[in-house]
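Structure record follows, encoded as structure tokens.
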Amino acid sequence: VDVARSGNIDNNKTIVTVVEEIHAKNGLIKELRLVNMFLISNQLSFTAQTCVIKKIQRQYTAKIVIVDANGLGRGLIDELLKPNIDLATGEEYEAWDTVNGDVKSDYRNAKPILFDEWQDAVKIWGTIRKACDDNPDSVGGYYLTGSASKKINTPHTGTGRITEITMYPMTLWET
């Protein structure tokens with residue numbers, strides 16, 4: 001999820017991208033396939049945007065939602081951490097929680113989400129290593145995304161647990 005809010009209706013829409021993981025025989029992710037993309041009006045409040053995002057997550061039964069939490073994304077994260085009611089439909093959505101980061105939900109049983117910039121919280125690797133070791137049959141449970149262009153010192157290499165996938169920016173035509 002890349003977040004936008006603006007009074008100008010001609011630009012800066014929030015975009016939700018749904019991808020499917022394709023796994024190799026060894027269980028590692030070998031490909032990410034684009035399933036769908038949704039543009040959300042930038043004039044909607046964070047609460048309204050949150051309801052749309054939670055509806056998309058429910059529709060696709062997504063295991064994890066990644067939010068660019070820089071800048072405006074912080075406001076969206078605050079709403080995702082709360083239970084929400086879609087005022088247009090009356091549909092109720094449960095609170096989510098973060099997998100990494102310093103902001104946590106105040107609600108019990110909140111569903112985990114992961115947001116961007118893992119390199120600012122490298123200690124998450126230890127938590128993920130333990131979770132992978134405790135649940136070896138659960139592949140693809142965590143996504144670490146970031147914009148680091150330099151080598152980051154991590155507590156371990158991630159061998160057998162973490163696979164690196166290089167992703168490139170979208171072209172103007174793809175947007």
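Quote the accessible area belonging to Asp133 in square angstrom, nearest 10, computed with a 1.4 Å probe and with ligands, DNA and RNA left uncounted.
Its accessible surface works out to 90 Å², give or take rounding.
Which sequence of Thr17, Thr61 reflects their accessible areas, 1.4 Å probe, from the largest down?
Thr61, Thr17
Say a paramagnetic label sat at a point 7 Å from the Cα of Thr61, along Cα to Cβ; which residues of region 9-52 have their backbone N under 15 Å from it?
Flagged as within label range: 20-21.
Take Thr89, Thr50 and sort them by solvent-accessible surface of the protein heavy atoms, 1.4 Å probe, largest at the top.
Thr89, Thr50
Please find the FRET efficiency linking Met37 to Asp106, where r is the Cβ-Cβ separation and R0 is fixed at 41 Å, and quote it to the nearest 0.05.
0.80
Label Glu164 and Asp134 with points 7 Å out from Cα along Cα→Cβ: what is the distance between them in nm?
About 2.8 nm separates the two model spin labels.
Tell me, what is the per residue accessible area of region 39-85 in Å², probe radius 1.4 Å?
Counting only protein heavy atoms, the per-residue value for region 39-85 is 46 Å².
The values are calculated or read from the model by the stated rules, or taken from the named source; none is laboratory data. Remember, it's a predicted structure, so these values are computed and weren't measured experimentally. Backbone-built Cβ (ideal geometry, glycine too); neighbour counts: all protein chains shown. To get the accessible areas, we keep the full protein, side chains included, count just its heavy atoms, and leave off ligands, DNA and RNA. Shrake-Rupley method; radii C 1.70, N 1.55, O 1.52, S 1.80 Å.
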